[in-house]
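The values are calculated or read from the model by the stated rules, or taken from the named source; none is laboratory data. Source: prediction; values computed, not measured. Cβ sites come from the backbone with ideal geometry, for glycine too, and all protein chains shown count toward neighbours.
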Amino acid sequence: MQIRSDFDSGNIEVINAGDPGQVRLAIRKDFASDHFQWFHFLAEGLSVGQRHGFSLTNAAQSSYKSAWSGYQAVASYDGEDWFRVPTTFDADGLHFELLAEHSSARFAYFEPYSRARHARLLVKALALPNVELLACGSSLQGRELPLLHVRGTASAPRKIWLIAQQHPGEHMAEWYMEGLIERLYQDDEELQQLLSKADLYLVPHMNPDGAFLGNLRTNAAGKDLNRAWQAPSASESPEVLFVQQQMAAQGVDCFLDIHGDEEIPYVFTAGCEGNPGFTPRLDALEQEFRRRLMAVGEFQVEHGYPRDEPGQANLALACNWVGQTYDCLAYTVEMPFKDHNLSPDPRTGWNGARSKRLARDVLSVLAAMVDKLR
Ligand code: ZN
């Protein structure tokens, strides 16, 4: 059997592939950082009809080791249809298996969103008459960081920003952006309502280096971009610096930062309640956003991160920094690596298609709230 990971978002080290029934592997650390959890590899030379087992032998030492319990790895024969495979976790690692139906299969932590698909998504977005490439930043390794501007029809529009995949292993975040951009094509009544009052500013992928390198958490300098918003630098976090400069030029009336969470098997949001500038107005906006999203989409408010105490927010996080700087509704949106346990799908778990649906539902919520953002 051949194990390969020499491609976009590939990450695996082969320890021993001599026994095709029990291949021993390890997850590689992030480039320039000790984080690791994301994996993605191709296994070739599978015996059709045979059971093949794979063990990630260092999983118990990974960044979020407690996240492995209740987790099922994903596999795909064609790179399009991804399904969960039987998975167990113990001190010796994460173990999953596949009864092979084809001679090769991919395995990953989550359905990957590829650079090729990212390129097609940009072409698709820019084919819309009301979408322009407003600016293009550059990652540390020189990959493009496009900022899309969706022009509405208002003369003084509200400015709604969405950014995705600051954490490069959180591939659900760009699936979300694909769902958002596809809804622009529907041009339905709710969308018209939204765009009659607001413009959208979209960064579909904040960390292209990290994702390409197969990182979980950091960019090519080993920096966690979602801890860099208080003091971004050209040498270590140019991705954040670029977006902050563009925000200063355009203004911000609402901000959503799209993420995935390793541990919690639910969709949830984290808000700005710990910001020094948090006000009853922002509290009411947060509550209305949650209430409306619960009514239309796969979302809940019972499970999530502990709320920050007043004044105790970490302003190095994008959501808190933007909410504080622009006195606006700002949320981190978290989707699960596992499943949304209120509506579980054992075959796929949470996946790209469900991430896309969530984005469409959030646009409905924003359409209903756009008048109140200021
Ligand atoms: Zn994240």
* Keeping to the range 34-65, report how many residues are of a type in the set (S, T, N, Q) and surrounded by fewer than 17 Cβ atoms within 10 Å (Cβ to Cβ). => 3
* To do: Within the range 225-241, identify whether any single residue is aliphatic (A, V, I, L, M), more than 30 Å from Ala367 (Cβ to Cβ), in contact with a helix residue (DSSP H, G or I) (Cβ under 8 Å, 6 or more places away or on another chain) and touching a residue at least 40 places away in the same chain (Cβ under 8 Å), and answer yes or no.
  => yes
* Asked: Across the range 253-268, which residue is farthest from the ligand (Cβ to nearest atom) among those that are farther than 20 Å from Asn207 by Cβ and buried (at least 24 other Cβ atoms within 10 Å of the Cβ)?
  -> Cys254
* Asked: Can you tell me which residues in the range 154-171 are more than 16 Å from the ligand (Cβ to nearest atom) and touching an Asp or Glu at 6+ places or on another chain (Cβ under 8 Å)?
  -> Ala154, Pro157, Arg158, Lys159, Ile160
* To do: Among the residues of the range 299-314, write down those that are surrounded by 18 or more Cβ atoms within 10 Å (Cβ to Cβ) and of a type in the set (A, V, I, L, M).
  => Ala313
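Okay, residues lined up against (1) of a type in the set (D, E, K, R); (2) modelled with pLDDT of 95 or more; (3) more than 23 Å from Asp224 (Cα to Cα); (4) not assigned by TED's automatic domain parsing to the domain that holds Asn58:
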| position | (1), (2), (3), (4) |
| --- | --- |
| Ala91 | no, yes, yes, no |
| Leu94 | no, yes, yes, no |
| Leu99 | no, yes, yes, no |
| Ser104 | no, yes, yes, no |
| Ala119 | no, yes, yes, yes |
| Leu128 | no, yes, yes, yes |
| Leu133 | no, yes, yes, yes |
| Pro146 | no, yes, no, yes |
* To do: Being within 12 Å of the ligand (Cβ to nearest atom) and buried (at least 20 other Cβ atoms within 10 Å of the Cβ) is the filter; apply it to the range 225-252 and report the residue that is farthest from Ala359 (Cα to Cα).
  => Leu225
* **Top-ranked residue of the range 269-282 - restricted to ones that are of a type in the set (Gly, Ala, Ser) and touching a strand residue (DSSP E or B) at 6+ places or on another chain (Cβ under 7 Å), ranked as farthest from the ligand (Cβ to nearest atom)** => Gly271
* If you check Tyr266 against the conditions, is it within 21 Å of Pro232 (Cβ to Cβ) and of a type in the set (Ser, Thr, Tyr)? -> no
